[in-house]
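See below for the structure under consideration.
A short reminder: the numbers here are calculations on the coordinates, not readings from a lab. Just so it is clear, the model here is predicted, and its values are computed rather than measured. With ideal geometry, Cβ positions are generated from the backbone for all residues, glycine too; neighbour counts draw on all protein chains shown.
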Amino acid sequence: MYAVSGVTGHTGKVVAETLQAKGQPIRVIVRDEKKGAPWKERGAEVAVSSLDDEAALTRALSGVTGAYVLLPPDAITIDFFGSRQRMADAIGRAALDAGLPHLVFLSSIGAHVPTGHGPIGAPYHAERSFEKLGIGTTFVRAAYFLENYGSVLGAAKNDGVLPSFLPANLRHDVVTTTDIGHTAAQALLDGPRGRRVIELSGPTDVTAEEVAATLAELMVRPVKVIEAPLDAVVPTFMSFGISQHMSEVYRGMYAGFIDGVVKWEGKGERVRGAIDLKEGLRSMLG
Ligand SMILES: NC(=O)c1ccc[n+]([C@@H]2O[C@H](COP(=O)([O-])OP(=O)(O)OC[C@H]3O[C@@H](n4cnc5c(N)ncnc54)[C@H](OP(=O)(O)O)[C@@H]3O)[C@@H](O)[C@H]2O)c1
């Protein structure tokens with residue numbers, strides 16, 4: 001039996017579906033029992049717990065051979081790092097109390113360095129907490145999600161522009177959440193291997209210009225990158241209802257890419273997913 005959190009989100013859903021497709025019993029961890037109902041229908045156990053509720057999480061992690069956890073985003077928080085650390089602490093204590101043998105954690109490219117990369121500070125600290133637990137840990141350090149480009153697909157489709165806070169020709173690795181889910185599910189099936197680090201991207205790195213060119217090909221219309229300055233990050237994110245604090249945190253991530261802080265450590269396993277830019281964008285376009 002494997003426990004999987006985040007099953008109503010991108011990666012957790014794929015982890016849970018992949019394990020079930022391989023005939024593995026799963027227990028999904030949801031905050032709201034109603035969201036567990038479709039999984040119950042498909043034969044999963046359902047545990048109701050927030051990722052910061054140590055007591056409920058201990059019950060959710062008891063009797064399983066491995067668990068998939070993540071630090072979910074929170075658009076309105078005014079204390080991103082404190083709240084994510086409280087989650088990581090609760091997950092760690094619950095893992096120990098439950099006797100969990102293997103924790104598979106969705107981490108990030110750049111999570112081997114503490115600062116200079118905005119939200120990636122949270123998985124940095126979580127990794128440091130988890131590796132002290134003395135249980136099997138697999139850190140799936142994912143590249144920039146290809147799905148992050150989803151927020152500008154409308155502009156590409158309707159106006160032929162791809163707004164980008166990354167310079168148009170800055171090469172960066174991307175990965176689909178499907179590839180992440182498959183990789184994390186496989187890590188659970190592999191079982192604990194001490195402290196394991198998987199640095200995961202798609203088949204090739206890309207530039208925003210290449211994303212625009214691929215979208216142009218798929219949509220059969222011109223698409224041009226419009227570079228936006230870093231100073232536009234906070235007002236833009238706040239205009240979408242994201243808290244000022246969180247918008248500033250995200251600004252730090254774009255700065256980290258531009259400054260070269262967000263990069264692979266190069267010490268763990270370097271894994272490339274199967275879904276390339278064209279296939280990933282095609283499925284995002286639907
Ligand atoms: N975006 C990137 O480029 C990037 C790169 C590397 C790593 N990452 C990591 O990937 C994470 C996002 O992964 P994702 O896309 O799979 O997530 P997602 O689609 O945003 O889904 C978040 C999941 O977490 C659940 N959740 C939220 N708060 C919770 C809580 N307090 N207790 C229990 N469950 C909770 C949500 O359930 P509800 O239905 O209850 O809301 C949902 O199932 C980021 O937070 C970051 O750590 C992101």
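Which residues in the range 255-281 place their backbone N less than 17 Å from a point set 7 Å from the Cα of L189 along the Cα-to-Cβ direction?
272-275
Please compute the volume of the convex hull spanned by the alpha-carbon atoms of the chain and report it per residue in Å³.
Cα-based convex hull of the chain, divided per residue, equals 124 Å³.
Note down the nm distance, to one decimal, between modelled labels 7 Å out along Cα→Cβ at I258 and at A155.
1.5
For labels at R128 and D89 in the simple 7 Å Cα→Cβ model, what's the distance in nm?
Roughly 1.4 nm, to one decimal.
How charged is the neighbourhood of E33? Take every other residue with its Cβ under 15 Å from the Cβ of E33, and add Lys/Arg as +1 and Asp/Glu as -1. Before the final figure, lay out the partial values.
Details: positive: R27, R31, K34, K35, K40, R59; negative: D32, E41, E45, D53.
In short, +2.
Report, in listed order, any pair from K13/K40; K40/K132; K13/K34; K34/K132; K157/K278; K132/K267 with a Cα-Cα distance greater than 24 Å.
Over 24 Å apart, Cα to Cα: K40/K132; K34/K132.
Once the piece of chain linking N169 and K22 is laid out straight, how much longer is it, given 0.36 nm per residue of separation minus the C-alpha distance between them?
48.9 nm
Given the DSSP H assignment, sum -39500 (n - 2.57) over each helix run of at least 4 residues in the chain and divide by its residue total; what's the result at 222 nm in deg cm²/dmol, nearest 500?
-13000 deg cm²/dmol
Sort 260-270, 78-88, 111-121 by the packing proxy (mean of other Cβ within 10 Å over each peptide's residues), most packed first.
111-121, 78-88, 260-270
Out of the DSSP beta bridges found with both residues in the chain, what percent are antiparallel (nearest 5)?
Of those bridges, close to 5 percent are antiparallel.
Run through the DSSP bridge list for the range 144-286 and note the antiparallel percent, rounded to the nearest 5.
15
To the nearest Å, what is the center-to-center distance of the range 169-230 and the range 95-124, using C-alpha atoms only?
19
Excluding D159 itself, what net charge comes from residues whose Cβ is under 14 Å from its Cβ, given Lys and Arg +1 and Asp and Glu -1? Don't jump to the answer; show the numbers that get you there.
Numbers: positive: K157, R221, K224; negative: none.
For residues surrounding D159, the net value is +3.
Gain in length, H10 to S50, computed as 0.36 nm per residue apart minus the alpha-carbon separation, to one decimal in nm?
Extending this stretch completely gives an extra 12.7 nm.
Using a/c under 1.5 as the rounded threshold, could you call the range 142-286 rounded, prolate or oblate? The axes a ≥ b ≥ c are square roots of the C-alpha gyration tensor eigenvalues, and prolate needs a/b larger than b/c, oblate otherwise.
Since a/c reaches 1.5 but b/c is at least a/b, the shape of the range 142-286 is classed as oblate.
Summing Lys, Arg as +1 and Asp, Glu as -1, what charge do residues with Cβ under 13 Å from the Cβ of E248 carry, E248 excluded? Kindly include the intermediate steps, with their values, before the conclusion.
On the way: positive: R251; negative: D79, D231.
Neighbour charge sum, excluding E248 itself: -1.
Roughly how many nanometres apart are two label points built 7 Å out from the Cα toward the Cβ at V113 and M219?
3.3
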